[in-house]
Amino acid sequence: MKKRLKLLVIAAHPDDESLGMGGTLAKYAVEGVETHLITATRGERGWFGEAADYPGPAALGRIREAELRAAAQVLGLHRVTFFNYIDGDLDQAQPAEVIGKIVAYIRQTRPQVVVTFDPTGAYGHPDHIAISQFASAACVAAANPAYPGLEQRPAHSVSKLYYRVSTRPLLAAYEAAFGDLVMHVDGVERRPPGWPEWSITTQIETMAYWQQVWAAIACHRSQLPGYEGLKDLSVEHRQNLWGQEHYYRVFSLVNGGRAMEHDLFEGVS
């Protein structure tokens, strides 16, 4: 009997899944793929309202968890798991602890494909960079039967690991909606570089799911003051935002080459 296909997305905050990989998640859920999401934090510091109205990290975390669970229903996710780290502090977490949690999940769920952020964290966000590093390490560690502390769970080799990458046209669409994309970290200005188009390995067609993705984004009500601009983009920017999602194939045990992929499960049997 053919194995059921499973996709695991590993992200840092509520709304990463909808804004970053929403079209991909919706597409594969419709096609019968079992879609899983790990979110490392509850986005407790992501407040766009008046400072005086900030409900505090614990209350906002509960709000954003509920928003993500609503978005997950819209996207057809099979399972959502939170790791209980604090928004903004993920890169200070003990690497072995975070990696161990991801390894345990991979060995339990046994996905063929894992998706996470690229090494720049899309626009330099330290939490995104951290989860990219943790997820990448976990994919390697999950295949090692001698990985300490989890010997009771059989090792599992992920067939393919992908980074979700941002093209320059996609970044231009986000800048049209949100304004200047910049973070200041340790006194350094970080701006998204845009992934070189020649190195993109995979393009997933997602325009058919844009309304579903927007409905998922709209579930993140606490964040909507920052997202309203997405509704008023030009036709060109809407195409770049909703039409495709792009990936870099970090490794694959089942295929390779320079030809553009149009399926994250290409080569998986």
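Any read-out appearing in this document is the output of simple, stated calculations on the displayed coordinates, not a laboratory observation. Nothing here was measured: the structure is a model prediction, and the numbers come from that model. Note: ideal-geometry Cβ built from the backbone for every residue, glycine included; neighbour counts use all protein chains shown.
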Considering only DSSP beta bridges whose two residues both sit in region 116-251, what percent are antiparallel, to the nearest 5?
85 percent
antiparallel share of DSSP beta bridges within region 6-252, to nearest 5, in %, is 40 percent
When the scattering of the chain is computed by the Debye formula from its Cα atoms alone, each counted once and equally, what is log10 I(q)/I(0) at q = 0.09, 0.11, 0.17 Å⁻¹?
-0.39, -0.59, -1.52
The chain: calculated mean residue ellipticity at 222 nm from DSSP helix runs of at least 4, using -39500 (n - 2.57)
-11000 deg cm²/dmol
For the pair residue 59 and residue 178, what calculated FRET efficiency results from E = 1/(1 + (r/R0)^6), where r is the Cβ-Cβ distance and R0 = 25 Å, to the nearest 0.05?
0.50
Using the crude model of +1 on Lys and Arg Cβ and -1 on Asp and Glu Cβ, and no other charge, please compute the dipole size for the chain relative to its Cα centre, in debye to 20.
1100 debye
Checking 216, 52, 138 against a Gaussian network model of the chain (alpha-carbon springs below 10 Å), the top fluctuating residue turns out to be 52
Region 198-269 and region 123-190 have their Cα centres apart by a whole-number Å value of 16 Å
Can you give me the long-range amide H partners of residue 190? Hydrogens built in the peptide plane at 1.01 Å from N, cutoff under 5 Å, separation of 5 or more residues or another chain.
183, 184, 185
Ranked on Cβ counts within 10 Å of their own Cβ, fewest leading, 251, 83, 117 go 251, 83, 117
Stretch residue 203-residue 189 to full length: gain in nm at 0.36 nm per residue minus the Cα-Cα span?
2.1 nm
